[in-house]
Amino acid sequence: MKNQYIFPGLFVLFSSSMAMSKVIPNHTAADLVLGQADFVSNNAMPVPPSATTMNQPYSVAVDPVTRKVFVADRGNSRVLRFGNVENLTNGAAAEAVIGKMDLTTNFVAALSASDISAPNSIFLDRQGRLWVIDSGHRVLRFDNANTIPSGSAAVRVYGQPDFSSAAPGNAANQMNAPFDLWIDSGDRLWVADAGNHRVLRFDNISNKPNGANADAVLGQSGFGMSAPNTGAAGFQDPYGVTVSATGALFVSSTSQFRVMRFDNAASLANGAAANAVFGAADLTSTGGGSSASRFSYVYGAGVSPDDSLWVNDPFNNRLLRFSNASTKPSGADADGVLGQPNFTSSDSATTSRGLNFPYNRPFIDVDGSVWVADQGNTRVLRFPADTTKPSFALTSKLPKKNKTKRKFITLAGTSSDAMGISKVEYQINRKAFVNAKGLENWSLKTKLRKGKNSIRIKVTDKCGNVFENPAISISS
């Protein structure tokens, strides 16, 4: 088995057979908090800042190789870098800071390559480079982000001609209040240029010089335009971008209360229309609301390697999960929810299960866990994927010496899991698996062939975890 990236910012353990998708149970509890000492504290805006405090956390990312955690601490105009997540405990201290000289400074002396202002979003690519959007209407790139010391300078800038400029604009080499970014597997930079109501695409970004032009635009028919638009090709305040392993681009059109999907996005011409939409009935409609298929605004979305789209619905204080997002039809219901006990409630809470105005794109790490900047609670939370296999027990007695003269055999047993059992199946003599009768208490009756028979029993929980027992050998 070998560690391999499948697209920047995310990787999986890849072998001859792909592991089953990891699912987070609805309304599960977070298992790690940063920025606060515990899950019930909300100490907001401490002055001066420190290695353990935050002020308006807006974005989070975890490096898939070093497992270090990065947080865009917008209110302190900095990006915090924490150590390997396996060694972190609640309220842990950051090990370094990017965008400031030390961990106790939040004053912006002068916009430069090493002094950032109010970062909106961050992204870590497969080369260990940190990409930052800040309020200077620009995108910055910091190389070797996992090891550089505090106060290190960026090596590239886009949206501006140099590291000291900060003027907005709508030309091909300008931006106006950009909010989110993504680097896809084809080395393309995507930018949600919210103030210009458009998404920019920069091809071959690793080799582009400072201040380079974008290669394509969505949301507008060309460069130089910035009016909000409606319909299948228009955005209103696009606050989020994310790209799936299939090449589908998802754009969070915040003021239209919807997420739009563009299939095969890298090949699209300027101003192309979307193929599907979540949060609204169709591509000509505007969404709005609190249900399994509606959002109250949307501040970003993140997609996992298994094609689950997590949508940030801050005014409903929740995250929604859409499985198989690259093929899901317009207007579909969400398949999961975090931050709320159901799809209709929207209360904020300062608990391990609650959220208070979560911000920007959720991040899905290599374990399948979801990280979110819980901005209203001044913290970052990690919601873990359920990876515990269901339990299994055979309660019926087997024939003496596993031999019988009967043509049929009946077996019974029990199974259990904290999240519930989805199905119990059995297989005889390498034939197709079929469902047993029952779940927590199950039974099966199957015909035996003359000679040796092999029976396998497989239990699957509601999060997709599988227990498969060693084969039971019965001779008839």
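Points worth noting:
- Inter-residue pairs, beta-carbon under 7 Å, first at pLDDT 95 or above and in region 168-187, second open to solvent by less than 30 Å² (accessible area, probe 1.4 Å) and among the basic types (K, R), 6+ apart: M175/R138; D180/R361
- Count of region 237-260 residues which are surrounded by fewer than 24 Cβ atoms within 10 Å (Cβ to Cβ), within 19 Å of D333 (Cβ to Cβ) and of a type in the set (V, I, T): 0
- Against the criterion of being in contact with a strand residue (DSSP E or B) (Cβ under 6 Å, 6 or more places away or on another chain), touching a residue at least 60 places away in the same chain (Cβ under 8 Å) and in a strand (DSSP E or B), I474 qualifies.
- Hits in region 280-301 - residues which are open to solvent by 10 Å² or more (accessible area, probe 1.4 Å) and within 13 Å of V337 (Cα to Cα): S290, S291, A292, S293, R294
- Being assigned to a loop (DSSP other than H, G, I, E, B), more than 30 Å from V79 (Cβ to Cβ), of a type in the set (A, V, I, L, M) and more than 31 Å from the chain's Cα centre (by Cα) is true of A432.
- Scanning region 62-83 for residues that are within 28 Å of A109 (Cβ to Cβ) and among the hydroxyl-bearing types (S, T, Y) yields a single hit, S77.
- Residue within region 441-455 that is charged (D, E, K, R) and closer than 16 Å to P390 by Cα present: no
- Note on region 428-467: among residues that are touching a Lys or Arg at 6+ places or on another chain (Cβ under 6 Å) and closer than 18 Å to T395 by Cβ, the one that is surrounded by the fewest Cβ atoms within 10 Å (Cβ to Cβ) is S443.
- Screening V303, V366 for residues that are closer than 18 Å to D386 by Cβ and either of a type outside the set (S, T, N, Q) or touching a strand residue (DSSP E or B) at 6+ places or on another chain (Cβ under 6 Å) (or both) leaves exactly one candidate, V366.
- Residue pairs meeting the criteria (Cβ under 8 Å; at least 6 apart or on separate chains; first at positive phi and surrounded by fewer than 24 Cβ atoms within 10 Å (Cβ to Cβ), in region 31-59; second part of a loop (DSSP other than H, G, I, E, B) and of a type outside the set (A, V, I, L, M, F, W, C)): M45/N55; M45/Q56; M45/T378; Q56/T378
- Test: residue in region 128-144 that is free of Cβ contacts under 8 Å to residues at least 60 places away in the same chain, surrounded by fewer than 16 Cβ atoms within 10 Å (Cβ to Cβ) and of a type outside the set (G, A, S): yes
- The set of residues from region 139-179 being touching a Leu at 6+ places or on another chain (Cβ under 7 Å) and aliphatic (A, V, I, L, M) comprises V139, A145, A154, V157, A166.
- Inter-residue pairs, beta-carbon under 6 Å, first touching a residue at least 40 places away in the same chain (Cβ under 8 Å) and of a type in the set (S, T, N, Q) and in region 386-403, second assigned to a helix (DSSP H, G or I) and open to solvent by less than 80 Å² (accessible area, probe 1.4 Å), 6+ apart: none
- Elements of type strands (runs of 3 or more DSSP E) contained in region 181-277, each with 2 or more residues being among the small types (G, A, S) and under 24 Å from S304 (Cα atoms): 249-253
- In region 58-76, the condition of being hydroxyl-bearing (S, T, Y) and in contact with a strand residue (DSSP E or B) (Cβ under 6 Å, 6 or more places away or on another chain) is met by at least one residue.
- Residues that are within 27 Å of I122 (Cα to Cα), touching a residue at least 24 places away in the same chain (Cβ under 8 Å), in contact with an Asp or Glu (Cβ under 7 Å, 6 or more places away or on another chain) and not polar (S, T, N, Q) do occur in region 248-260, at least one of them.
- Looking across region 162-180, the residues that are crowded, with 16+ Cβ neighbours inside 10 Å and either assigned to a loop (DSSP other than H, G, I, E, B) or acidic (D, E) (or both) come down to F163, P168, G169, N170, A172, N173, Q174, M175, N176, A177, D180.
- Of all residues in region 98-127, those being farther than 21 Å from L200 by Cβ and open to solvent by less than 10 Å² (accessible area, probe 1.4 Å) number 3.
- Taking the criterion of being more than 22 Å from I133 (Cβ to Cβ) and either aromatic (F, W, Y) or out of contact with any strand residue (DSSP E or B) (no Cβ under 9 Å at 6 or more places or on another chain) (or both), the residues of region 230-245 that qualify are T230, G231.
The values are calculated or read from the model by the stated rules, or taken from the named source; none is laboratory data. Being a predicted model, the structure only gives us computed values, none of them experimental. When we count neighbours, we look across all protein chains shown, and the Cβ atoms used for this are built from the backbone with ideal geometry, even at glycine. With ligands, DNA and RNA removed, areas are computed over all heavy atoms of the protein, side chains included. Shrake-Rupley method; radii C 1.70, N 1.55, O 1.52, S 1.80 Å.
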